[in-house]
1. Specify the residue that is nearest to B:ALA134 (Cα to Cα); the eligible residues are those in region B:304-354 that are among the aliphatic types (A, V, I, L, M) and within 14 Å of chain A (Cβ to nearest Cβ).
2. Among A:LEU164, A:LEU68, A:LEU118, which is under 30 Å from B:ALA35 (Cβ atoms), within 12 Å of chain B (Cβ to nearest Cβ) and free of Cβ contacts under 8 Å to residues at least 40 places away in the same chain?
3. Against the condition farther than 26 Å from B:GLY16 by Cα, open to solvent by 70 Å² or more (accessible area, probe 1.4 Å), of a type in the set (Lys, Arg) and assigned to a helix (DSSP H, G or I), how does B:ARG122 come out, does it pass?
4. Residue by residue through region B:299-334, note down the ones that are open to solvent by less than 40 Å² (accessible area, probe 1.4 Å) and over 43 Å from the mean Cα position of the chain (by Cα).
5. Quick check on my filter: what residues within region B:8-50 are open to solvent by less than 70 Å² (accessible area, probe 1.4 Å), within 30 Å of A:ARG85 (Cβ to Cβ) and in a strand (DSSP E or B)?
6. Name the residue, out of A:LEU96, A:LEU51, that is buried (at least 21 other Cβ atoms within 10 Å of the Cβ) and touching a strand residue (DSSP E or B) at 6+ places or on another chain (Cβ under 6 Å).
7. Checking B:THR98 against (1) away from chain A (no Cβ under 14 Å); (2) in a helix (DSSP H, G or I), which test does it fail?
8. Test B:THR141 against the criterion of being touching a Leu at 6+ places or on another chain (Cβ under 9 Å), of a type outside the set (Phe, Trp, Tyr) and modelled with pLDDT of 90 or more, and give yes or no.
Amino acid sequence: MSGAAQNIIEVRGLRTQFGAQVVHDGLDLDVRRGEVLGVVGGSGTGKSVLLRTIIGLNRPAAGSVRVLGVDMLRAPRAERARVERSWGVLFQNGALFSSLTVQQNVEAPLREARDLGLDDADIAELARLRIAMAGLAPGAAAKMPAELSGGMRKRAGLARALALDPQILFLDEPTAGLDPIGAAAFDQLIGRLQRALGLTVFMVTHDLDSLNAVCDRIAVLAERRVLAVGTMEEMLAVDHPWVREYFHGPRARAALRAG
Amino acid sequence: MDEAQATILCEGDGSGARLRVRGALTLPGLAAARAELRRACARPGLRVVEFDLGALEGLDTAGAWLIASERARLERAGVTTRLAPPPARLRELLEAVTAAMPEAPPPPPRQGLAQRLAALGRGVESGALGALDALAFLGLTLARLGGALLRPRRLRMAALFSHMQQAGLNALPIVTLMGFLIGVVLAFQGATQLRRFGAEVFVVDLIAISALRELGALLTAIIVAGRSGSAFTAAIGSMKVNEEIDAMRALSLDPIETLALPRALALLLTLPVLSFLAMIAALAGGLLMSWIELGVSPGMFLERLHAQTDVKHFLVGISKAPVFALIIGVVGCHQGFLVGGSAESVGRRTTASVVIAIFSVIVADALFSVFFAELGI
């Protein structure tokens, strides 16, 4: 297999700016099929902005974003829509529709995809399956998002992200705001789903335990570009002040020891 | 998905069938695959079905769900099913989905007479408790108002003036326009009726009494309830969603004193002024229309206004304005504090705020009418 076919996402020469503030400049990044890529970086280095740019919520000033071989900035609308259906996104706080129950939230993408020819009973049962696979008790399906705890909201968001059987899963700080036990359980859940469903996962995170537990490779964002990409071992060998500080700091050592 | 969609090959006869699934069993072709599966299994006298997934090339959770749910359906119908497992890379998925298969949810409870009665009772109870809660909030606001009047330093002047501008000054154009048009309509309607009796000049009494005594204050209150009461609810409700109210409590800032009091007080001070201006505008509109329609000259209009209309009508009208202001301010803020954690709740409470405020204003107006009639004013 050639290198290009292995890369499910290819970002080239990306430049993002808001007014005079340049967030990314000449950023290159590849995500390989079937891997879990963790994206780390200090606050304000544009990790979430990168995620939003790849999924098309931000338009970059320059550069190209190719997902599944489709140039997402220049391809016709229909082709973009086809690619968009092959990814699921979990936003930081779940971003559940607050006027719908959990069940209806998970059903929403299935209902929108009318060409699948599913009837109401199928949609309801597929949604229940997603909710169960995301590790929520069946009783949670009828609840409103406001009635859920932070961890349950993330699981419900994950169930919605998985609704259309995506190939790529985007996660924005999936374990932020969870207690260590909940975070570890969520890491395991992501790892299990990723293996079972053969997902490619793009994960923005600050959680060193997550990086250690589920990520195959890590990309470090600093100085407006991807400073280094590689496995945890490779990261430990990188000679850059911020990277060293990050991966050799006291918290990193603790996480590595535990891992 | 690059793989070809699934095709299902049915072999065997009599009581046994072997379903060979080829290609990819995924969400886009799910409905077609199921129709094919059902057709293959519809034969009467079928006892054993074997799902052969050995040639399967692709599978996603929807496809795995299809296999698991169809197997469960056949088993329920008394058919024995067997599974020749898919290639190793797809096996984990099939097992994970089969393990996670949810049970059918219990059917929703039947709505009997008892449940309906109970729901009605709960509705009445929550309505009564809500009214009690609003009354408590009114008391709390009045207590804070009293405290602020005793110690004026505690009053938030910047907030007060800002709300007076938004709820009062900025409402001026719409309120005066509304008043003017009401005067025009009264004169026009009055003229057509009174002309039949040759009593055109009484249109002045009609306009003056209805504008001063009733409509000036009432319609201004209704406009302000729609304009500012809703804004109070939405603003406080969004703060509640954003946990700003909790942050205030944690900083030992009293949210009622900081948020509700300046708003209620701003309405208390501006609504009488707005009502007064609405009355003047209504008289101006009536004067203009009487002149055009009935030939009652402005001089005659003003002379009759002076001679025939007692000042008590104005006093009755304007005395209602502070009460209406308090109702709108308290209902608007109270509904804001009742917002629960969601965006939808903000919308629901904003609607409730306007409906309750307008309804309460009209009820209060009716009570005022009875009260003044009893007093003979």
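1. Initial filter on region B:304-354 (among the aliphatic types (A, V, I, L, M)): B:305, B:307, B:311, B:315-316, B:318, B:321, B:323, B:325-328, B:330-331, B:338-339, B:343, B:346, B:352, B:354.
Subset that is within 14 Å of chain A (Cβ to nearest Cβ): B:338-339, B:343, B:346.
On the way: B:LEU338: 10, B:VAL339: 14, B:ALA343: 22, B:VAL346: 17 Å.
Filtering region B:304-354 for residues that are among the aliphatic types (A, V, I, L, M) and within 14 Å of chain A (Cβ to nearest Cβ), the one nearest to B:ALA134 (Cα to Cα) comes out as B:LEU338.
2. Values: A:LEU164 fails: free of Cβ contacts under 8 Å to residues at least 40 places away in the same chain; A:LEU68 fails: free of Cβ contacts under 8 Å to residues at least 40 places away in the same chain.
On inspection, the qualifying residue turns out to be A:LEU118.
3. On the way: farther than 26 Å from B:GLY16 by Cα: yes; open to solvent by 70 Å² or more (accessible area, probe 1.4 Å): yes; of a type in the set (Lys, Arg): yes; assigned to a helix (DSSP H, G or I): yes.
Yes.
4. Scanning region B:299-334 gives B:PHE301, B:LEU305.
5. Within region B:8-50, B:ILE8, B:LEU19, B:ARG20, B:VAL21, B:GLY23, B:ALA24, B:LEU25 meet the criteria.
6. Values: A:LEU96 fails: touching a strand residue (DSSP E or B) at 6+ places or on another chain (Cβ under 6 Å).
Exactly one of A:LEU96, A:LEU51 is buried (at least 21 other Cβ atoms within 10 Å of the Cβ) and touching a strand residue (DSSP E or B) at 6+ places or on another chain (Cβ under 6 Å), namely A:LEU51.
7. With respect to (1) away from chain A (no Cβ under 14 Å); (2) in a helix (DSSP H, G or I), B:THR98 is out only on (1).
8. Working: touching a Leu at 6+ places or on another chain (Cβ under 9 Å): yes; of a type outside the set (Phe, Trp, Tyr): yes; modelled with pLDDT of 90 or more: yes.
Considered against the rule, which asks whether it is touching a Leu at 6+ places or on another chain (Cβ under 9 Å), of a type outside the set (Phe, Trp, Tyr) and modelled with pLDDT of 90 or more, B:THR141 comes out as yes.
The values are calculated or read from the model by the stated rules, or taken from the named source; none is laboratory data. Quantities reported herein were computed from a predicted structural model and do not represent experimental measurements. Every residue, glycine as well, gets a Cβ built from its backbone with ideal geometry; the counts of neighbours run over all protein chains shown. In case anyone asks, the SASA skips ligands and DNA or RNA and just uses the protein heavy atoms, side chains included. Shrake-Rupley method; radii C 1.70, N 1.55, O 1.52, S 1.80 Å.
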